[in-house]
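Enquirer: Attaching a single structure in structure tokens format; questions to follow.
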Amino acid sequence: MVVWLMPSTLAEPVYCELEIKKSRFLTWLEPVASSEDAKARLTSIRKQYPDARHVCFAFYVNGSSGLSDDGEPSGTAAKPMFNVIAHNDLINVMAIVVRYFGGIKLGAGGLARAYGGAVAQAMTLANVVKVERKFTLKLTFDFALESQVRRVLAPFSIELENLQYTSTVSAVVTVSESTSAEVLSQLQSIAPGSSALVIDCDDPEAGL
């Protein structure tokens, strides 16, 4: 049986400020729908704070990530920020930290703690919500099994899409991760161990 974990995102953006040895760290932690949206948000922040010494960011959106230390020593800003995102199992989220240098150097360890701590502080203000992913399954089955397939899918309000009739029937269905295990189990029970019903999934995260 396949088990899919349900990740989380933020219900709305949060903002906080942190001061460490006279350096100010302005932090945004926000939900974003795409990498393009993340880049657009970063551009907006850069325009809003053109005099900032550093504008560092980390995001994880739809399986893609982006990180930048923006002039800070490598690994001291974006990676600690991203680690907070990963530790909290967040997806479709962006963290931006604007630093105004206060004249006192923090050192590599101090910078890592500061940037990671800034995002961690923002997390304490965040309203985290579960994100239910959806997966597309391709079904190929014998004509005689169509009624059984439809009978299994009906209670889940799942429709056969892109139906094609050749020597067999092919279709795609969209399943939510919360019901995926049950749907798969019932479909597989129609023709266990037989090529009369084949289920394929192109999404590597599905684990099928």
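The values are calculated or read from the model by the stated rules, or taken from the named source; none is laboratory data. Given the structure is predicted, the values throughout are model-derived calculations rather than measurements. Glycine gets a Cβ as well: all are built from the backbone with ideal geometry, and neighbour counts include every protein chain shown. These area figures cover heavy atoms from the full protein model, side chains too; ligands, DNA and RNA do not enter into them. Shrake-Rupley method; radii C 1.70, N 1.55, O 1.52, S 1.80 Å.
Enquirer: Looking only at the range 121-141, filter to residues that are touching a Ser or Thr at 6+ places or on another chain (Cβ under 6 Å) and in a loop (DSSP other than H, G, I, E, B); which one of those is farthest from Met81 (Cα to Cα)?
Expert: Glu132
Enquirer: What do you reckon, is Val149 in contact with a Leu (Cβ under 7 Å, 6 or more places away or on another chain), part of a strand (DSSP E or B) and surrounded by 15 or more Cβ atoms within 10 Å (Cβ to Cβ)?
Expert: no
Enquirer: Looking at Ser176, Ser189, which is the one that is surrounded by fewer than 17 Cβ atoms within 10 Å (Cβ to Cβ), in contact with a helix residue (DSSP H, G or I) (Cβ under 9 Å, 6 or more places away or on another chain) and free of Cβ contacts under 8 Å to residues at least 12 places away in the same chain?
Expert: Among Ser176, Ser189, only Ser189 is surrounded by fewer than 17 Cβ atoms within 10 Å (Cβ to Cβ), in contact with a helix residue (DSSP H, G or I) (Cβ under 9 Å, 6 or more places away or on another chain) and free of Cβ contacts under 8 Å to residues at least 12 places away in the same chain.
Enquirer: Still on this structure, please answer the following. Go through Asn127, Asn162 for me and flag whichever is open to solvent by 80 Å² or more (accessible area, probe 1.4 Å), of a type in the set (S, T, N, Q) and within 30 Å of the chain's Cα centre (by Cα).
Expert: Criteria check complete, one pass: Asn162.
Enquirer: How many of the residues making up the range 152-189 are charged (D, E, K, R), assigned to a helix (DSSP H, G or I) and out of contact with any Lys or Arg (no Cβ under 8 Å at 6 or more places or on another chain)?
Expert: Result for the range 152-189: 1.
Enquirer: Here's a follow-up. Does Thr27 meet the test of being outside any helix (DSSP H, G or I), modelled with pLDDT of 95 or more, open to solvent by less than 20 Å² (accessible area, probe 1.4 Å) and in contact with a strand residue (DSSP E or B) (Cβ under 7 Å, 6 or more places away or on another chain)?
Expert: Here the answer is yes, as Thr27 does meet what is asked.
Enquirer: Here's another thing I want to ask about it. Name the pairs whose Cβ atoms lie under 6 Å apart, with the first residue in the range 56-81 and over 19 Å from Leu26 (Cα atoms) and surrounded by fewer than 20 Cβ atoms within 10 Å (Cβ to Cβ), the second at pLDDT below 95 and among the polar types (S, T, N, Q), and 6 or more positions between them or separate chains?
Expert: Hits for this filter: Ser64/Ser35.
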